[in-house]
């Protein structure tokens with residue numbers, strides 16, 4: 001069962017990656033139009049030809065349509081491996097990256113060839129008591145939203161910068177919180193809608209453990225304030241928790257509340273919605289009917305005006321993962337329109353299990369991606385993650401309050417609970433792990449469902465990754481080019497980590513792209529920390545010797 005039964009470090013098992021067969025039950029009809037903010041959508045138009053010829057043509061077109069090019073930035077001597085960083089995005093045709101080093105904050109701008117154009121110090125960011133920084137990129141500017149403390153007051157401030165990283169406005173306070181003592185934990189969370197036309201700043205006061213106070217401030221894309229509100233949330237059980245928060249394109253806030261049974265699986269859950277401009281919360285209770293949920297994930301389906309909730313489920317507390325649970329709530333009718341479970345089939349379990357027994361095939365898996373389609377269907381991507389150690393046995397219950405790749409992180413301090421599943425400062429704890437622990441990230445399972453929750457096809461990418469120092473170079477990232485999904489991840493080949501690219505077509509066909517052009521073996525990629533910045537461009541951080549630099553991957557027509 002993955003790393004649960006291992007008391008020692010695993011052997012290095014690196015099976016060769018093979019080209020995968022199409023998923024079963026491929027009835028994923030065109031057009032394939034994945035909903036992605038600010039990216040041009042592409043659609044397939046197929047002629048009336050036989051299925052074998054159709055699959056062959058789709059495969060050839062997929063492989064030929066995506067020629068890749070990699071361009072690297074020059075390593076900066078100031079940017080060591082321990083430099084904190086974040087990819088901001090593409091602004092005024094420049095690529096912006098935030099860096100924090102030796103108590104100073106910088107924004108570096110790169111041109112299309114990744115040559116450095118500027119390195120602007122962000123002097124308004126304090127060198128002390130800086131708690132968090134978030135970035136929201138637009139076509140010609142970006143907002144820097146940062147949280148810092150002066151005495152017993154925590155400020156959530158904002159500055160607007162241009163495509164060279166230069167400050168366009170003076171700092172503006174969006175909200176404040178008064179504390180009885182100092183804190184290093186996040187108080188505020190800032191989230192944006194998919195189209196970026198709405199932003200929300202919120203905080204949660206948890207001083208009263210049975211009655212949390214949620215305070216929100218809603219803004220438009222120009223950061224004009226649209227309204228403030230406060231809401232009491234009943235936390236009746238000792239093990240009640242709040243989950244992921246999301247903002248829809250109209251400014252509606254949606255999140256989950258759930259109860260863990262003796263700090264294990266979720267035994268009770270509800271979906272909570274705050275309508276914009278209304279000072280009340282609507283609660284929709286979810287009937288679990290003798291099942292237990294794992295980590296709850298929410299996705300906003302803006303096109304169909306729905307909220308999609310999913311989780312792995314078991315029939316016994318701490319039992320084997322049996323399948324996936326779905327709950328879909330319609331915003332117009334304000335009623336659930338689907339509640340369903342899907343059991344993982346024997347064939348999928350055998351494909352996905354790795355070294356685990358078939359019954360325990362998904363016990364090491366965590367949901368990584370939820371992609372909704374315009375037709376109401378959806379795709380779920382999950383990855384096997386575990387650790388092994390000579391000192392301790394790992395078990396997934398260590399991650400009940402947030403899986404290793406994300407989730408509701410935060411901590412209690414001075415009566416405030418900072419819910420921060422959107423904290424981009426992943427690098428703060430990159431070097432704080434136990435060196436005796438080996439991190440593993442293995443197979444990726446991808447399953448497509450129609451709008452009724454019925455499985456359409458599935459596929460598995462076989463991979464084996466591990467690292468003893470950190471998990472920076474493990475896992476994967478998705479590049480959405482509209483007509484296909486690219487899965488980017490490192491794999492060891494001839495004792496060298498190489499960046500791999502697997503292409504998922506609309507019908508579930510999976511193909512491995514040829515080796516990326518200009519792939520330099522001296523660069524070690526960190527794909528899961530990369531960001532898609534346009535329809536066909538992806539910025540990924542990488543190590544060059546002892547330095548951090550950045551590479552642009554671009555998909556161009558042949």
Requested in this report: Identify, from the list 118, 92, 105, the residue that is out of contact with any helix residue (DSSP H, G or I) (no Cβ under 6 Å at 6 or more places or on another chain) and over 29 Å from residue 217 (Cα atoms).
Outcome: 118
Query raised in the report: Quick one: residue 375 ticks every box in (1) farther than 23 Å from residue 503 by Cβ; (2) surrounded by fewer than 21 Cβ atoms within 10 Å (Cβ to Cβ) bar one, so which box is it?
Result: (1)
Requested in this report: Could you please find all residues in region 514-543 being free of Cβ contacts under 8 Å to residues at least 40 places away in the same chain and more than 17 Å from residue 556 (Cα to Cα)?
Outcome: 521, 522
Report summary line: The number of residues in region 106-141 that are touching a strand residue (DSSP E or B) at 6+ places or on another chain (Cβ under 7 Å) and free of Cβ contacts under 8 Å to residues at least 40 places away in the same chain is 6
Report task. Please state which one of 154, 159, 87 is in contact (Cβ under 8 Å) with a residue 24 or more places away in the chain, out of contact with any helix residue (DSSP H, G or I) (no Cβ under 6 Å at 6 or more places or on another chain), surrounded by 21 or more Cβ atoms within 10 Å (Cβ to Cβ) and closer than 26 Å to residue 224 by Cβ. Result -> 154
Report task. State whether the residues of region 539-550 include one that is surrounded by 19 or more Cβ atoms within 10 Å (Cβ to Cβ), in a loop (DSSP other than H, G, I, E, B) and modelled with pLDDT under 95. Result -> no
Query raised in the report: Given the conditions (1) under 25 Å from residue 340 (Cα atoms); (2) crowded, with 23+ Cβ neighbours inside 10 Å; (3) more than 16 Å from the chain's Cα centre (by Cα), and given that residue 442 satisfies all but one, which numbered condition is not satisfied?
Result: (1)
Query raised in the report: If you scan region 248-277, which residues turn out to be within 29 Å of residue 197 (Cα to Cα) and at pLDDT below 90?
Result: 277
Query - Segments classed as strands (runs of 3 or more DSSP E), wholly inside region 477-531, with at least 2 members that are farther than 21 Å from residue 380 by Cβ - result: 485-493, 496-504, 523-525
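For (1) under 26 Å from residue 554 (Cβ atoms); (2) modelled with pLDDT of 50 or more; (3) not in a loop (DSSP other than H, G, I, E, B), each residue gets a yes or a no:
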site: 13; (1), (2), (3): no, no, no
site: 31; (1), (2), (3): yes, no, no
site: 37; (1), (2), (3): yes, no, no
site: 45; (1), (2), (3): yes, no, no
site: 53; (1), (2), (3): no, no, yes
site: 57; (1), (2), (3): yes, no, yes
site: 61; (1), (2), (3): yes, no, yes
site: 71; (1), (2), (3): yes, yes, yes
site: 106; (1), (2), (3): yes, yes, yes
Query raised in the report: Within region 115-144, can you find the residues that are under 25 Å from the mean Cα position of the chain (by Cα) and either assigned to a strand (DSSP E or B) or farther than 30 Å from residue 224 by Cβ (or both)?
Result: 130, 131, 132, 133, 134, 135, 136, 137, 142, 143, 144
Query raised in the report: Would region 379-389 turn up any residue that is modelled with pLDDT of 55 or more, surrounded by fewer than 21 Cβ atoms within 10 Å (Cβ to Cβ), outside any strand (DSSP E or B) and out of contact with any helix residue (DSSP H, G or I) (no Cβ under 6 Å at 6 or more places or on another chain)?
Result: no
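Do any strands (runs of 3 or more DSSP E) lying entirely in region 213-279 carry at least 3 residues that are crowded, with 16+ Cβ neighbours inside 10 Å, touching a helix residue (DSSP H, G or I) at 6+ places or on another chain (Cβ under 6 Å) and touching a residue at least 12 places away in the same chain (Cβ under 8 Å), and which ones are they?
Details: elements: 225-234, 240-247, 253-260, 266-274.
Hits in region 213-279: none.
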Requested in this report: Give region 333-363 a look and list any residue that's farther than 19 Å from residue 286 by Cβ and in a loop (DSSP other than H, G, I, E, B), or say none.
Outcome: 344, 345, 353, 354, 355, 356, 357, 361, 362, 363
Requested in this report: Spot the failing condition for residue 233; the list is (1) within 29 Å of residue 342 (Cα to Cα); (2) at pLDDT below 95; (3) over 21 Å from the mean Cα position of the chain (by Cα), and only one is missed.
Outcome: (1)
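The values are calculated or read from the model by the stated rules, or taken from the named source; none is laboratory data. All values derive from a computational prediction rather than experimental measurement. Ideal geometry is used to build each Cβ from the backbone, glycine not excepted, and the neighbour counts take in all protein chains shown.
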